[in-house]
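Take a look at the structure below.
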Amino acid sequence: MKLYQNEISSATSRVRIALALKGLTAETLPVTILGEDAESRQAGYRSVNPQGLVPALLTDSGVLITQSLAIVEYLDELHPEPPLLPDTTEGRALARSIALAIAAEIHALLPPRIGLHLKTAFQADADAIAAWSRHWVGEGMAAMETMIAGRRQGAFAIGDRAGIADIFLFPQAISTRRMGFDLALWPNIAEIVDRLEAIPAFQENAPAPRR
């Protein structure tokens, strides 16, 4: 397998965590994502992934899979142990709802291409872009805390086994903390993240800080 990735990308971090939990390896192909000249915006990478996003996984059979949730679930089906989804139908639906709330409702508003568009289309400066990001992160994490607190039964987001919900929560929480938020604002999230940071698959594959 080949993984098109960028180390600062929280979406990439999700896939790297899943690979580590499964004990799998993939050849990594770095793709730059910052700035107008980023490789992710160029025709070469767009011929691989027309969306110009990371991560993208090229399987051993030559099929390209995009979108981190699809990749993580592919890995889970390909190598069922340890399972990344809960045992029950409702538990699996809840795990996916948390993952999608992070990927589609929080993270989707934050990538470099969003900041670049705010700059070029609306003349937003760095402070305005940072304020945009902080607004959506703060609102989204507060919603996550409420979702998790109301249904949590166990050490992690869902139950006593780290899984897909945690794989999506962890990179977002690490990035949120680096933005200057105190995770103590969201006690359940803070407690879960503390536990996840003690697991090498999570700790070693957190998104890298932006330089």
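Some points to look at:
- Ligands, DNA and RNA are left out, and with a 1.4 angstrom probe the accessible area of the chain is 50 Å² per residue.
- Largest mean-square fluctuation among Gln123, Gln51, Gln67, in a Gaussian network model of the chain whose springs join Cα atoms under 10 Å apart, belongs to Gln123.
- Normalised by residue count, region 1-89 yields a Cα convex hull volume of 99 Å³ per residue.
- Accessible surface of the chain [probe 1.4 Å, protein heavy atoms]: carbon and sulfur percent: 53 percent
- Dipole magnitude (debye, nearest 20) for the chain, charges at Cβ of Lys, Arg, Asp, Glu: 320 debye
- Amide N of region 176-211 lying under 20 Å from the label point, which is placed 7 angstrom from the Cα of Asp127 along Cα→Cβ: 179-181
- The distance separating the Cα centre of region 143-168 from that of region 1-39 comes to 24 Å.
The values are calculated or read from the model by the stated rules, or taken from the named source; none is laboratory data. Source: prediction; values computed, not measured. Cβ: placed from backbone, ideal geometry, glycine included. Neighbour counts: every protein chain shown. Surface accessibility is based on the protein's heavy atoms, side chains included, excluding ligands, DNA and RNA. Shrake-Rupley method; radii C 1.70, N 1.55, O 1.52, S 1.80 Å.
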